[in-house]
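Notes to accompany the following structure.
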Amino acid sequence: MPRVSRLVALSTAALLTAGTAACSPAPSSDEDGGSGDWSTVTVEHALGTTKIESEPERVATVNWANHEVPLALGVVPVGMAEANFGDDDGDGVLPWVEERLDELDADTPVLFDETDGIDFEAVADTRPDVILAAYSGLTQEDYDTLSEIAPVVAYPETAWGTPWREMIELNSTALGMAEEGARLVTDIEGRIEEAVAEYPAIEGDSAMFLTHVDTTDLSEVSFYTTHDTRTRFFADLGLTAPESVASASAETGEFSLTRSAERADSFDDVDIIVTYGSAELVEALEGDPLLSQMPAVDDGAIVSLPGDAPLGTAANPTPLSISWVLDDYLSLLAEAADGQQ
């Protein structure tokens, strides 16, 4: 890629203005200035094998939420992706990330604008020792270009399909903090278990997540499959995947599917519907002659999340957002289960 030479040959000015803080905990140094107790870390992923031969001191992250892993572990990245979904105050940082930065008494890292894809030059300007992207949609070309800057950890199997536990596992391993990452997973699981116990009414209910519902044309219904991290989060919350969604998901590797509204009766096994939208969307579903026949719609068991607000964003679970959203999300699900929404 012709950009590569520009990425590697950084200007003096860029070096002086590189990212604000942060590094992993300072390594013990040997006579050569390296870490005395670091062993090379090898991470296999869908786009290759990455070797991290020295302890990272400057951590950059790209794509959605990867920065939450080092932050949760007390490491402030030198650069991270700017939030472009659910950012209610327009500062490029989601509220649970801002709270964690405040807890660490840290400035906001350099924010990478990924509106038109990864800003390779901006990433290179932060001079990272490692680039975390365990939850991402990196192409092979993206990966190869980033690898010219620093070792890159990509997703394990499928683009945008890494569950939150594996995101933590891969990214923490790359930092040499695998044990801390495992403890983080255990801690989050404990918080989830404690919160779910307060809402026994939803335990065992089946849920589906409708997506991209067009209130002006309800002839088709799109929904996230069980491959998507939003629907996988249902299991953490004590919900189950209805057989109608599970069987359809088994036939594809896609994250969403579309069905004709004429087949709405196939979703008779859905107890709760979650979707992005407003009261107008709920009214449209309830007023549609076909979709209103779905038991979940008929019962009013619909959770409509604000797609452009943090609450809707957190339905896609990430290491820091889970604790932030748990009570609100569970409360909405419980209300829907009771047909109160």
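The values are calculated or read from the model by the stated rules, or taken from the named source; none is laboratory data. Please read these numbers as outputs of a predicted model, since none were measured by experiment. Cβ: placed from backbone, ideal geometry, glycine included. Neighbour counts: every protein chain shown.
Structural remarks
- Whichever residue in the stretch 217-245 is aliphatic (A, V, I, L, M) and in contact with a Leu (Cβ under 7 Å, 6 or more places away or on another chain) and, among such residues, is nearest to Glu157 (Cα to Cα): Leu237
- Residues within the stretch 278-296 that are surrounded by fewer than 14 Cβ atoms within 10 Å (Cβ to Cβ) and not acidic (Asp, Glu), tallied: 4
- If the condition is being part of a strand (DSSP E or B) and over 13 Å from the mean Cα position of the chain (by Cα), then the stretch 48-99 contributes Gly48, Thr49, Thr50, Lys51, Ile52, Val59, Ala60, Gly79, Met80.
- Unmet criterion (only one of (1) closer than 23 Å to Thr61 by Cα; (2) assigned by TED's automatic domain parsing to the domain that holds Gly287) for Thr211: (1)
- Leading residue by the ranking (nearest to Glu180 (Cα to Cα)) among those in the stretch 120-169 that are in a helix (DSSP H, G or I) and β-branched (Val, Ile, Thr): Ile168
- Residue within the stretch 83-93 that is modelled with pLDDT of 95 or more, under 15 Å from Leu320 (Cα atoms), buried (at least 23 other Cβ atoms within 10 Å of the Cβ) and not charged (D, E, K, R) present: no
- Residue in the stretch 204-218 that is part of a helix (DSSP H, G or I), among the β-branched types (Val, Ile, Thr) and either without any contact (Cβ under 8 Å) to a residue 40 or more places away in the chain or farther than 30 Å from Leu290 by Cα (or both) present: no
- Filtered by the rule that a residue be more than 14 Å from Pro319 (Cβ to Cβ), assigned to a helix (DSSP H, G or I), in contact (Cβ under 8 Å) with a residue 24 or more places away in the chain and among the small types (Gly, Ala, Ser), the stretch 174-203 gives Ala174, Ala195, Ala201.
- Residue selected from the stretch 237-247 under the condition surrounded by fewer than 19 Cβ atoms within 10 Å (Cβ to Cβ) and out of contact with any Phe, Trp or Tyr (no Cβ under 8 Å at 6 or more places or on another chain), by the criterion nearest to Trp164 (Cα to Cα): Ala246
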